[in-house]
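Chemist: Take this structure first; my questions come after.
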Amino acid sequence: MADRVTVIGWDGSPLTGAATAALSAATLVAGAAHHLALPEVPAHAERIRLGSIDLAARRIAGHRGSAVVLADGDPGFFGVVRSLRAPEHGLEVEVVPAVSSVATAFARAGMPWEDAQIVVAHPRTLRRAVNVCRAHHKVAVLTAPGAGPAELALLLEGVHRTFVICEELGTAREQVSVVTSEKAADHVWRDPNVVIVIGGGPEPQAAGAWIAGRHPHGVRGWALPPAAYPGGPADAGDESGEGGSPGLRAAQLARLGPRTGDLLWDIGSGSGALAVEAARFGAAVLAVDSDPAACARTAAAARSFGVQLQVVEGRAPHVLERLPEPDIVRIGGGGVPVATAVTERRPERIVTHASTRDEAEALGAALAGNGYTVRCSLLQSVELDTAVWSERERSVVFLLSALRSDLAP
C-alpha cells in the first residue's frame, strides 16, 4: 500500500503550500490530463491518467511511495474521496480541498446558494436530475458527457427555466453563459461544465434560514382538509375528483411515497390537493385535468403553498401520450381505459380508487393483467362533530394500489 495518499483539489488557483509539498514528495500522481500538465507535478513521478477511479485506486494500493490524486474542485463533494475510501481499496487519504465547482459557479453568477438543490447528472440519472429541476426553483447540476446542458433542456421541454452554464471553470477557457432552457438545446457545450437551473416563479426568500437545501416552511402537516386550499371548502369542488377525503388522500400518498427525483402524474387533479402535497414532499408533479376550472384551482393551490408543478389541461388517456415518463401515478378518474394506458408507461407505483366493488374489481383486473401486483382496501372514515359527538360525514371507498410486478417482493 502507498505510504501516503493525498487528494488535492484544484480550482484553477495557485496551489497551496500543503498541496505543493505533497506533490513535490509524490512518486505517483493520478489526475486528468490538465492536472498532470501542472508544472508542480514532479518529472520523476509515475503518472496515471484518471479514468476509472477503481483502477487507479488499485494501482495506488499496490504502490510503494507517496501518491497524490488531483481532482477538480472539492474532491470530498461528489468527488473521488468517497471512491478512494471504499472498503475494497483500504486507502486512508489526506485531503487538501479547493473551492467546489458548485460554489465557483454560483460565485460567477453572483447568487446565494444555501437554498439550492445539488444533483449529479449521468446518462443513467439524467431523468431524475431533470425531475429535481422541474420541482425546485434553484438547482445546480454537475453534468457528465451525454448528460449535459443540451440533454437537460431537451427533457425539460415545455418547462421554462433559465440556465447559467459554466464551462471549464478555473481554466483559461472558462466561459459563463446565461440562456433560456429552450436555447440550451441548440448548442454544443464544452466539458466539464456546471449548470445552474433557475425558474418557476420568484426566488423564495430564505431570510433566517438554518438548513441548506429546501427550507421547511408553510403549513405543517399533510393530508390537509379542503379548507386549507384557496377558496376554502367550496373551492375544493367534488372531493371524489381530486382524491377523495383527506383520509383517502393520506392513504394514496402513503402508498405512492413521492420523493425527490420522482415524477408524479396526478390524473384528475381536481382542487390540486394531492398534487400540491406530493410536490411538498419534493417530487416533480404533472397535474392533469380536462376541466379548465380544475386546472386553475391546482395552479392557485401551488402558488399558495409555494411549490413548483406543471398543470396539463387535457383528457386522459389521450393527453398522456405526450407526457414524460412517470415514476408514480395517481388516477383520480377515467376507469379502465386510463388505468390500462398508464400501465403501458410502466411506472413503479399506481394508486386509484373506486366507489363500488364492481368498479374496483374491473380496475384491479386491468392493473393485474398488465403486469402489476395489486392490493385493495376498503377504507371508511367518519367525521364527527365534537360539540355533540354526532356523525357529520361518512366516506366509504375502495383503495387500489399497484406495484410493478418486477419490483414486488
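The values are calculated or read from the model by the stated rules, or taken from the named source; none is laboratory data. In this text, all values refer to a predicted model and were calculated from it rather than measured experimentally. When we count neighbours, we look across all protein chains shown, and the Cβ atoms used for this are built from the backbone with ideal geometry, even at glycine. In case anyone asks, the SASA skips ligands and DNA or RNA and just uses the protein heavy atoms, side chains included. Shrake-Rupley method; radii C 1.70, N 1.55, O 1.52, S 1.80 Å.
Chemist: Polar (S, T, N, Q) and buried (at least 17 other Cβ atoms within 10 Å of the Cβ): does that describe Thr356?
Modeler: no
Chemist: Residue by residue through region 380-402, note down the ones that are within 18 Å of Gly333 (Cα to Cα) and open to solvent by 50 Å² or more (accessible area, probe 1.4 Å).
Modeler: Result: Val396, single match.
Chemist: Between a residue in region 77-100 that is under 23 Å from Val119 (Cβ atoms) and of a type in the set (Phe, Trp, Tyr) and any residue that is surrounded by fewer than 16 Cβ atoms within 10 Å (Cβ to Cβ) and modelled with pLDDT of 95 or more, which pairs come within a Cβ distance under 6 Å, given they are 6 or more apart or on different chains?
Modeler: Partner pairs satisfying both residue conditions: Phe78/Val120.
Chemist: Name the residue, out of Ser66, Ser101, that is buried (at least 17 other Cβ atoms within 10 Å of the Cβ), of a type outside the set (A, V, I, L, M) and within 30 Å of Ile196 (Cα to Cα).
Modeler: Exactly one of Ser66, Ser101 is buried (at least 17 other Cβ atoms within 10 Å of the Cβ), of a type outside the set (A, V, I, L, M) and within 30 Å of Ile196 (Cα to Cα), namely Ser101.
Chemist: So, of the residues in region 10-57 that are without any contact (Cβ under 8 Å) to a residue 12 or more places away in the chain and in a helix (DSSP H, G or I), which turns out to be surrounded by the fewest Cβ atoms within 10 Å (Cβ to Cβ)?
Modeler: Selected residue: Gly17.
Chemist: Which of the residues belonging to region 294-326 are surrounded by fewer than 20 Cβ atoms within 10 Å (Cβ to Cβ) and either in contact with a Cys (Cβ under 9 Å, 6 or more places away or on another chain) or charged (D, E, K, R) (or both)?
Modeler: Once the filter is applied, which keeps residues that are surrounded by fewer than 20 Cβ atoms within 10 Å (Cβ to Cβ) and either in contact with a Cys (Cβ under 9 Å, 6 or more places away or on another chain) or charged (D, E, K, R) (or both), region 294-326 yields Arg303, Glu313, Arg315, Glu321, Arg322, Glu325.
Chemist: So which pairs qualify, if the first residue must be in region 385-409 and without any contact (Cβ under 8 Å) to a residue 60 or more places away in the chain and at negative phi, the second must be assigned to a helix (DSSP H, G or I) and open to solvent by less than 80 Å² (accessible area, probe 1.4 Å), the Cβ gap must be under 6 Å, and the two must be at least 6 apart or on different chains?
Modeler: Phe398/Ala360; Leu400/Leu363; Leu400/Gly364; Ala402/Leu367
Matching residues to (1) under 15 Å from Ala26 (Cβ atoms); (2) among the charged types (D, E, K, R):
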position: Ala56; (1), (2): yes, no
position: Ala61; (1), (2): no, no
position: Val68; (1), (2): yes, no
position: Ala71; (1), (2): yes, no
position: Gly76; (1), (2): no, no
position: Val81; (1), (2): no, no
position: Pro87; (1), (2): no, no
position: Glu94; (1), (2): yes, yes
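Chemist: Residues of region 227-266 being open to solvent by less than 30 Å² (accessible area, probe 1.4 Å), of a type in the set (D, E, K, R) and at pLDDT below 80, which ones?
Modeler: Passing the criteria: only Glu242.
Chemist: Right, something else. Only one of (1) farther than 21 Å from Gly314 by Cβ; (2) of a type in the set (A, V, I, L, M); (3) in contact with a strand residue (DSSP E or B) (Cβ under 8 Å, 6 or more places away or on another chain) fails for Ala339. Which number is that?
Modeler: (1)
Chemist: Follow-up. Restricting to region 58-75, what's the tally of residues that are free of Cβ contacts under 8 Å to residues at least 40 places away in the same chain and either in contact with a Pro (Cβ under 7 Å, 6 or more places away or on another chain) or closer than 25 Å to Thr20 by Cβ (or both)?
Modeler: Total meeting the criteria: 1.
Chemist: Considering only region 159-173, state which residues are among the hydroxyl-bearing types (Ser, Thr, Tyr) and farther than 23 Å from Glu203 by Cβ.
Modeler: Matches in region 159-173: Thr171 only.
Chemist: Can you tell me which of Ala275, Ala254 is hydrophobic (A, V, I, L, M, F, W, C), closer than 25 Å to Val374 by Cβ and free of Cβ contacts under 8 Å to residues at least 24 places away in the same chain?
Modeler: Exactly one residue qualifies, and that residue is Ala254.
Chemist: Among the numbered criteria (1) in contact (Cβ under 8 Å) with a residue 40 or more places away in the chain; (2) part of a loop (DSSP other than H, G, I, E, B), which one does Arg330 miss?
Modeler: Condition not satisfied by Arg330: (2).
Chemist: Is it the case, given these coordinates, that Asp289 is within 28 Å of Pro225 (Cα to Cα), more than 21 Å from the chain's Cα centre (by Cα) and among the charged types (D, E, K, R)?
Modeler: Spelling it out, Asp289 is indeed within 28 Å of Pro225 (Cα to Cα), more than 21 Å from the chain's Cα centre (by Cα) and among the charged types (D, E, K, R).
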